[in-house]
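*Asks:* This is the structure I want to talk about, given as structure tokens.
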Amino acid sequence: MAERTLRVAVVDDHPVFRLGMVGLLASLDGIEVAGQAEDAEQAMAVVDETVDVVLMDLHLGEDSGIETTRALIARLPDLAVLVITMDEDDESVVAAVRSGARGYLLKSASPEEVERGIRAVANGEAILGPQVAMRAMATLTSGRTAVRLPFPELSDREREVLDMLARGYDNATIARRMVLSPKTVRNHVSNVLTKLRVPDRAAAIIKARDEGLGGE
């Protein structure tokens with residue numbers, strides 16, 4: 001029995017890469033291009049319940065692919081998102097997985113890897129590109145031991161933001177490293193200050209460092 005055709009949307013703000021990916025998808029058997037978008041607004045308009053897989057870049061001009069992924073999956077829980085990006089740092093991978101993405105490939109991936117990734121996430125599997133998987137394995141086998149999580153009143157995301165504050169990063173750097181919009185970072189910082197009952201960033205940083213945050 002022939003497999004059903006997978007409908008795939010491409011969300012990327014670089015037109016050359018986006019059009020190249022659309023061309024690749026059009027050449028693959030059993031895969032149909034459902035649409036393309038260059039930013040969050042277009043993605044929300046293009047991706048509907050008929051789309052099986054979204055290929056998502058993490059940087060969409062002024063928008064965040066992480067936030068766009070989260071919004072799409074909140075609206076369409078069965079949607080499979082496969083991130084394809086230039087970013088291979090741990091923060092980006094973790095942020096993508098937490099947002100609901102099922103796969104993570106680098107833009108250097110071969111056409112065969114892209115096709116395999118699409119079919120895997122559409123089938124409910126999780127997939128990491130070779131370079132990303134090697135980093136993940138290195139982390140898992142590094143012998144790190146579990147430690148008590150400080151500030152249990154904070155969400156995981158807020159704790160990450162606080163850790164980066166304690167490292168001395170400004171909002172723009174935090175937004176870039178966590179692949180979030182500056183507005184979202186400002187909101188997280190505000191929530192952290194409120195929950196920790198401190199008057200400003202400096203007080204939050206002192207409190208965070210006292211608990212061991214901010215170290216490499």
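The values are calculated or read from the model by the stated rules, or taken from the named source; none is laboratory data. Keep in mind the model is a prediction, meaning the values are calculated, not measured. Quick reminder, even Gly has a Cβ in these numbers, built from the backbone with ideal geometry, and neighbours come from all protein chains shown. Calculation scope for accessible area: heavy atoms of the full protein, side chains included, ligands and nucleic acids excluded. Shrake-Rupley method; radii C 1.70, N 1.55, O 1.52, S 1.80 Å.
*Asks:* Sort out which residues of the stretch 184-216 are open to solvent by less than 40 Å² (accessible area, probe 1.4 Å) and without any contact (Cβ under 8 Å) to a residue 24 or more places away in the chain, and write them in order of number.
*Replies:* LEU193, VAL198, ALA203
*Asks:* Taking the condition in contact with a strand residue (DSSP E or B) (Cβ under 9 Å, 6 or more places away or on another chain) and at pLDDT 95 or above, does THR85 pass?
*Replies:* In short, no.
*Asks:* Do you know which residues across the stretch 53-110 are free of Cβ contacts under 8 Å to residues at least 40 places away in the same chain and within 19 Å of PRO182 (Cα to Cα)?
*Replies:* Those that are free of Cβ contacts under 8 Å to residues at least 40 places away in the same chain and within 19 Å of PRO182 (Cα to Cα): THR69, ARG70, ALA71, VAL94, SER99.
*Asks:* Right, another one. Is it the case that ALA126 is at pLDDT below 90 and under 28 Å from LEU213 (Cβ atoms)?
*Replies:* no
*Asks:* Right, something else. Go through the stretch 79-117 and report how many residues are β-branched (Val, Ile, Thr) and in contact with a Leu (Cβ under 6 Å, 6 or more places away or on another chain).
*Replies:* 2
*Asks:* Return the residues of the stretch 8-38 that are open to solvent by 40 Å² or more (accessible area, probe 1.4 Å), in contact (Cβ under 8 Å) with a residue 24 or more places away in the chain and more than 21 Å from LEU128 (Cα to Cα); say none if nothing qualifies.
*Replies:* ASP13, HIS14, GLU32, VAL33, GLN36, GLU38
*Asks:* Right, another one. At least 3 residues that are under 22 Å from SER64 (Cβ atoms), at pLDDT below 95 and out of contact with any strand residue (DSSP E or B) (no Cβ under 8 Å at 6 or more places or on another chain) in each: list the helices (runs of 4 or more DSSP H) lying fully within the stretch 148-210 that qualify.
*Replies:* Correct list: 156-166, 171-178, 182-196.
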